[in-house]
Ligand code: SF4
């Protein structure tokens, strides 16, 4: 089973830390953009006829910022053109402050059964500093509308002067709002974003402080029934994101829209991040790919290890041997001499010990 990702690159304004393909001043292109998405969906469905899809994820940008008919129209097209399973997980990202009862009813009618709400912080002053468009009260209101639904909430750590108390407050608001899944992301200031200069000025917590906040968040969530199944993701049992699990299991997915990436038949490819370029390509009957790479041999193994070690479940040793012809311990004998202390072999699997998951990159790099 594979996944479909749809990118909606429109936002009301740009958050100070954002380096995603999201464009605050382009909303007037939304209708044309979605017309192109429909066209791209049709062409990709023809190209990959025979593939079955188990998840659809509408992300952004802010999908809930545009007219709901555009989003539900995209879902309709996808269901018509691709083979999407009956019980597919269908997620839409929501920015608090943009959800209305009408939008929600339209999403439900279109088969959406999972939502992802971006709270980031339960401190209104911090939200202003980050140039988020919503308040904490907006989040609470949106979560109330989603009562009884399966939804995720995002929290950011590593923010200005953030303390354990601040993180606790954010997570407590999220848990109290009925979320079944929490993504806790550590802020990584990217060059070119406004927050990067704050980072250079030393206004943000250093790596050790972020690691402590993260350790606190993990413990806090785990004590309250949210188990960590991936570095940044915590869920109540049975509420894991099937769409994201597919990424980490090196599954196949088709990405539609600006900056969307795909992985099909050991080929990874990405669309242009420029809206006008995307529209021009699609309208002229071409795909809008700007990069494409065939993955083979050792690269497949590296990807497999890199992605699986991000998850709490780690690597299935029998599956690894079946796929790559050699037991994991033999394949990585040398690496295990230095990295073995960060890992544990248990129940036929190998994984990074939970206390080292936050710094998994420095362990994983040795295996790829
Ligand atoms: S809402 Fe998300 S995609 Fe839009 S600007 Fe903020 S972080 Fe970026």
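The values are calculated or read from the model by the stated rules, or taken from the named source; none is laboratory data. Predicted, not measured: the structure shown is a model, and the values here were computed from it. Heads up, the Cβs are rebuilt from the backbone with ideal geometry, glycines too, and the neighbour counts pull from every protein chain shown.
Taken over segment 20-49, the criterion of being in a loop (DSSP other than H, G, I, E, B) and either within 16 Å of the ligand (Cβ to nearest atom) or surrounded by fewer than 17 Cβ atoms within 10 Å (Cβ to Cβ) (or both) is satisfied by 20, 21, 22, 24, 25, 26, 49. Across segment 1-19, the qualifying residues are those that are closer than 29 Å to residue 53 by Cα and surrounded by fewer than 17 Cβ atoms within 10 Å (Cβ to Cβ), and the one among them that is farthest from the chain's Cα centre (by Cα) is 1. Within segment 304-330, the residues that satisfy the criterion of being under 22 Å from the mean Cα position of the chain (by Cα), free of Cβ contacts under 8 Å to residues at least 60 places away in the same chain and not in a loop (DSSP other than H, G, I, E, B) are 304, 315.
In segment 137-152, how many are within 16 Å of the ligand (Cβ to nearest atom) and surrounded by fewer than 21 Cβ atoms within 10 Å (Cβ to Cβ)? Before you say what the answer is, go through the steps one by one.
Let us first name the residues in segment 137-152 that are within 16 Å of the ligand (Cβ to nearest atom), namely 138-139, 142, 152.
Checking the rest, the ones that are also surrounded by fewer than 21 Cβ atoms within 10 Å (Cβ to Cβ) come to 138.
So the count comes out to 1.
Quick check on segment 126-134. Is at least one of its residues away from the ligand (no atom under 16 Å from the Cβ) and in a loop (DSSP other than H, G, I, E, B)? No, there is no match, as no residue in segment 126-134 is away from the ligand (no atom under 16 Å from the Cβ) and in a loop (DSSP other than H, G, I, E, B). Annotation note: of 16, 55, the sole residue that is in contact with a helix residue (DSSP H, G or I) (Cβ under 8 Å, 6 or more places away or on another chain), within 16 Å of the ligand (Cβ to nearest atom) and at pLDDT 95 or above is 16.
If I ask for residues that are over 22 Å from residue 281 (Cα atoms) and not in a helix (DSSP H, G or I), which ones from segment 50-80 would you list? Passing the criteria: 50, 51, 52, 53, 54, 55, 56, 57, 62, 66, 67. Residues in segment 1-13 that are near the ligand (Cβ under 8 Å from one of its atoms) and out of contact with any helix residue (DSSP H, G or I) (no Cβ under 8 Å at 6 or more places or on another chain): 13 alone.
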